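What follows is a single structure, written as structure tokens, with notes after it.
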Amino acid sequence: MQESLQIYEDKMNKTLKALENEYMTIRAGRANPHVLDKIKVDYYGTPTPIQQVGNVSVPEARMIVIQPWEKSLLKAIEKAILTSDLGINPTNDGNVIRLVFPELTEERRKELVKDVKKKGEAAKVAIRNIRREANDYFKKQQKADEISEDDLSDAEDKIQKLTDKMISKVEKAVDEKSKDLLTV
């Protein structure tokens, strides 16, 4: 039974990790190289992450500089950024690409906070679905006489405690990211 509980705990942890990774790509007015994580560049016909085709640095609080390993990639990187949902126009000086992040307006900050909360709710739903899946699994085991009524009750208690713990972690992540976004 312990291994089964571990499987569901791992699934819940993966959900939390996915949410945290999602939050890393949301920019809060400061330049964070993680906003480029989802952007792929056409590198000789293969979609490749920007970090693998050049050097990404943050020389100032609101600027990211991308220096490609090969100059021929400048246009491809520029195109990938323009077609992404980043919402920033890259400047290409023939050697490097600069991304200057404008200060976020109050309105945009509030939109981003709504987005953060929506993603947090989706993570909570995913965790609750994992709880339901776990409870169904243990009920089937009990019906098949593989575990006793007491073991079922114990397993459901443990799953509920785990669910509560994970949901509070999600809420903490939502609060931290929201606070980060609203801080000017």
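The values are calculated or read from the model by the stated rules, or taken from the named source; none is laboratory data. Just so it is clear, the structure is predicted and the values come from calculations on it, not from any experiment. In case anyone asks, the SASA skips ligands and DNA or RNA and just uses the protein heavy atoms, side chains included. Shrake-Rupley method; radii C 1.70, N 1.55, O 1.52, S 1.80 Å.
Quick one: accessible area per residue over the stretch 45-125, 1.4 Å probe, rounded to a whole number of Å²?
That works out to 59 Å² per residue.
Over the stretch 131-184, with the other protein chains present, what is the accessible area per residue in square angstrom, probe 1.4 angstrom?
Per-residue value: 66 Å².
Could you compute how much accessible surface residue 10 exposes when probed at 1.4 Å, giving the result in Å² to the nearest 10?
70 Å²
With the cut-off at 32 Å, tell me which of the pairs 14/139; 17/79; 139/179; 40/119; 143/165; 38/139 have Cα atoms farther apart than that.
In this structure, 139/179; 38/139 lie more than 32 Å apart at Cα.
What angle do you read, to the nearest 10 degrees and between 0 and 90, between the alpha-carbon axis of helix 2-24 and the longest principal axis of the chain?
Roughly 20 degrees, rounded to the nearest 10.
For mean projected area of the Cα convex hull in nm², pick the label among (i) 10.1; (ii) 11.3; (iii) 13.1 that corresponds to the value derived from the coordinates.
It is the value labelled (iii).
Mind grabbing the accessible area of residue 148 for me, 1.4 Å probe, Å², rounded to tens?
50 Å²
Angle, helix 106-143 long axis vs. longest principal axis of the chain, Cα atoms, 0 to 90°, nearest 10?
Computed tilt is about 30 degrees.
From the phi angles alone, apply the Karplus equation (6.51, -1.76, 1.60; θ = phi - 60°) to the stretch 67-73 and give each ³J(HN,Hα) in whole Hz, x where the residue is Gly or Pro.
In residue order, the calculated couplings are 10, x, 5, 10, 4, 5, 8 Hz.
Could you tell me the accessible area of residue 178 in Å² (1.4 Å probe, neighbours in place), rounded to the nearest ten?
10 Å²
Can you list the residues, at least 5 places off or on another chain, whose amide H is less than 5 Å from the amide H of residue 54, using H built in the peptide plane?
69
In what sequence, largest accessible area first, do 162, 82 appear using a 1.4 Å probe?
The ranking, largest first, comes out as 82, 162.
Would you mind telling me the share, in percent, of accessible area of the chain contributed by carbon and sulfur at probe 1.4 angstrom?
That fraction is 50 percent.
Give the long-range amide H neighbours of residue 31: residues separated by 5 or more places, or on another chain, with amide H under 5 Å away, using H modelled in the peptide plane at 1.01 Å from N.
Counting only residues 5 or more places away or on other chains, the set is 62, 63.
Got a sec to turn the phi values of the stretch 34-43 into Karplus ³J(HN,Hα) couplings, 6.51 cos²θ - 1.76 cosθ + 1.60 with θ = phi - 60°, whole Hz, x for Gly and Pro?
Along the stretch 34-43, the couplings run 5, 5, 8, 3, 8, 7, 10, 10, 6, 10 Hz.
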